[in-house]
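Structure record follows, encoded as structure tokens.
Each reported figure results from applying straightforward, stated rules to the coordinates on display, with no laboratory input. As the structure is a prediction and not an experimental result, all values here were calculated from the model. Counting neighbours? That spans all protein chains shown, and the Cβs are built from the backbone with ideal geometry, glycine included.
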Amino acid sequence: MKKFELTAVDLYPEIMNIYGDRGNIIYFKYRCSVYGIEIKIINITVGKNYKEECESADIFFMGGGQDAEQALIYEDFFAGKKNILMESLNKNKIMLAICGGYQLLCDYYKSADGKIMKGISVFKGYTESGAPRLTGNIAVKSNDTVLIGFENHGGRTYLESGQDCIGTVLRGYGNNGKDKTEGARTGNFFGTYMHGSFLPKNFVFCDYLIDLALQNKYGVNLREAMEINDVKTGEIDDNFEIKARKDVRDLKRFLKF
Amino acid sequence: MLLNKKQKAEIFLYIFLKFILNKILKREGDVLPAHILRKIDRNVFENFAKHIISLGIPVILVTGTNGKTTTSNIIAETVKLSGKKVCFNSNGANMANGILGAVIGSYKLPKLSDTGIKGIAKLDFKFSADIIVMECDEKVFPAVCSILNPKIITATNFYRDQLDRYGEVNSTVFEIKKAVKKISEAYKNNTEEKISLVLPSYEPLAAFLGYDINADKKYFGFDESFFNANYSNGINSAETELSDAVTCPNCKNMMFSSKDHTANRLLYNFKCEKCGFAGHEPDIKATQNISGSLTLELKKEKPSFFYFKPALTGDYNTANYLAAYSVLKYYLNIGDDIIKTSFENFKTKFGRSYKKKAGGFEINIDLVKNPAGFSGVLNKLTESGSKVNILFAFSDRAADGRDVSWIWDVDFEKYKDYIENAVISGLRPYDMALRLKTAGINPKKITVEYNLKKAVGTIMDKAETAGLNEKKIYILPTYTELLRLKKYINGIK
């Protein structure tokens, strides 16, 4: 019997996947399977409304695209997906948006030629195109964990003072290379510049997302779900995950695990 | 045009520096001497290019994400076999310095017996090659193209590569297109002559180089029947969910919707509904791939055929053969018998479908550097349907790309059941280990060994113990690991 089943919606997977961002959903699925949680993945793209599919979602994923690709989904995103995402935000559902996806969740994006592309304002803040690209390994302190990844973005994002970020930059550039903030969080929606892929690089954060999703859907946390599924903590093998983090040589000194 | 004194001195200096580097310091290559020359004389490349152009030496440039080394080598080796002297960067040094080095290196002094000591003393260097074939990195292509003025250009494909080095693939392609367009315009009012482009029919970004341009174009591609001879592993690596060009490179409109493009990427028949940019019917296509024999069909009123037994397997190598054949047949007028001999006996560069028998094993080495190439290699080595023992040497040095995210775009899930053992070395082995584990490979079959030399021994031991039919190992290194491997593999007997 399926005790727990989560539905993940992958937004524009064939368009918004600039560099390995699909690793997030692949790893999320793997991690759920470790805990005995069933997972259903629905790919959603341009054109149709997909209202039903979006309503069934517990978590949304969206990556970044090249400029041309982002322009392509822009209209569809506004017309077809904006409302359902705002509703989902209010229902405490979860979203992980990377890079270009993250920028679309802010107030607006100002391109190099001054053109403004509105975002859906889940996060209060805006992005300005800039040069050079901010590229390299990044470490971010988020509560008591250190998130790591690889950033590669031309856009500089400036958050309003009341807007939560996901952490403080220990090494790298983060949102804009200046104010030491990285990413943004509103409710259970997260935006970040970190590729890596992000979730396999940060299995603790992946567990946190699973935990949030379970609480939201079933009112149990991950620990309780593990008990119900009879999965022991000791059976979870994080050896590769931990060592993969340690292999990032220039971030080593920021990592506790 | 004659060489001036400065150029003679530069050639002399180049030879001198190369001698010190290669013979005294025992280091390979000609990049450093070329680098020094360019430091001393900013226009050195342009000036030598002018000399070559004045001699009327034809230049062929090969660029693209995957396959440019192999394609350019196949072309160069075949031209050599036809009796011509070729100047080419066979060592894979495909940046501006490497290409300049290869050019200057082709200037030779006349034989003492021909001119006597006087000729030598006058430093009467002559360009010794009949034709120039260069593999060129995508990023430096625009600069090299405007300097060398190639007569023939072939682009293999443009897939996502090291994003941190190259930026978005679209912008790279736009720069290349601009450069090609510019040199094509020199022939605008010339009815006799044009530049020639050899492009894939199935890959929109490379094919886009041929759009709206004054050039003679040949497109190469595949016929459906090529894929009918079922792969024993039942996997067609050309089928992929990942797309590298979902937007029309011409008008930025969407070229296909969602899932339709999961079809075969080598048969991809693209068409933009908005501006009309579309794939071309191939002028030459691979039709049959049966029991080690490959058929190429040339489109004509009455189609003609070319049969050969390829030395290189894997569908991506078929694409390399197609590109090379198009250049050799259509533009260099080399006969089929010479091409056949060359194609069937072609020996790859180290790390490109490379094979060596050593230590009682057949060692196979294939460079992996981006998702499309990696998936192609995995398919090739599991094609026969038997299980394999693989050593991955995976690093994130600058030349490999600092971002390792790209392995999440490789379709390991498709091949998980074919991997008997995986040993992983390099600087980022655990990222690869994690990727394989997530793809469904039992962690017990995954061993990390940071030391490359030991790792080769470990995979041999594992392969021995696994007791598969053939004693074979596969090594898949990223670029810098390939260089480290070369020293070691050359040493074992």
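Rounded to whole numbers, the Karplus 3J(HN,Hα) couplings from phi for the range A:179-192 are 8, 6, 8, 9, x, 8, 9, 9, x, 9, 9, 10, x, 8 Hz, using 6.51 cos²θ - 1.76 cosθ + 1.60 with θ = phi - 60°, and x at Gly and Pro.
For B:Lys369, the residues whose modelled amide H falls within less than 5 Å of its own, excluding neighbours fewer than 5 places apart on the same chain, are B:Phe374. Taking θ as phi - 60° and the Karplus parameters 6.51, -1.76 and 1.60, the scalar couplings of the range B:264-277 work out to 5, 6, 8, 10, 4, 10, 8, 7, 8, 5, 7, 9, x, 4 Hz in sequence order, x denoting glycine and proline.
For A:Tyr173, the amide hydrogen comes within under 5 Å of no other amide hydrogen, counting only partners 5 or more places away or on other chains and with H modelled in the peptide plane. Remark: mean inter-chain Cβ contacts per residue of A:15-24 equal 6, using a 10 Å Cβ-Cβ cutoff to other protein chain atoms.
Is the C-alpha gyration tensor of the protein assembly as shown telling us rounded, prolate or oblate? Criteria: a/c under 1.5 is rounded; beyond that, a/b larger than b/c is prolate, otherwise oblate. Judged from the Cα gyration tensor, the protein assembly as shown comes out prolate (a/c at least 1.5, a/b above b/c). Relative contact order for chain B: 13 percent, from Cα pairs under 8 Å spaced at least 6 residues apart, divided by residue count. Applying a 4.7 Å Cβ-Cβ cutoff to chain B leaves B:Cys87, B:Cys136, B:Cys145 as cysteine residues with no disulfide-compatible partner. Close amide H contacts of B:Ile475 (hydrogens built in the peptide plane, cut-off under 5 Å, sequence separation of 5 or more or a different chain): B:Asn364, B:Ile365, B:Asp366, B:Leu391. For the range B:281-374, lysine pairs separated by 8 or more sequence positions, or belonging to different chains, with Cα-Cα distances below 21 Å total 29.
Full extension of the chain between A:Asp164 and A:Asn49 yields a length gain of 38.3 nm, computed as 0.36 nm times the residue separation minus the alpha carbon distance. The range B:420-493 and the range B:4-34 have Cα centres spaced 38 Å apart.
Once you sort the root eigenvalues of the Cα gyration tensor of chain A as a ≥ b ≥ c, which label holds: rounded (a/c under 1.5), prolate (a/b larger than b/c) or oblate (the other case)? Here chain A falls in the oblate category. If you take the Cα centroid of the range A:104-159 and the Cα centroid of the range A:51-71, the two points sit 17 Å apart.
Inter-chain neighbour count for B:442-450: the average number of beta-carbon atoms from partner chains within 10 Å of each residue's beta-carbon is 1.
Just add up the charged neighbours of B:Ser225: K/R +1, D/E -1, any other residue whose Cβ is under 11 Å from the Cβ of B:Ser225. Every neighbour counted, the sum reads -2.
Shielding by partners for peptide A:190-203, expressed as the average number of C-beta atoms from other protein chains within 10 Å of each residue's C-beta, is 3.
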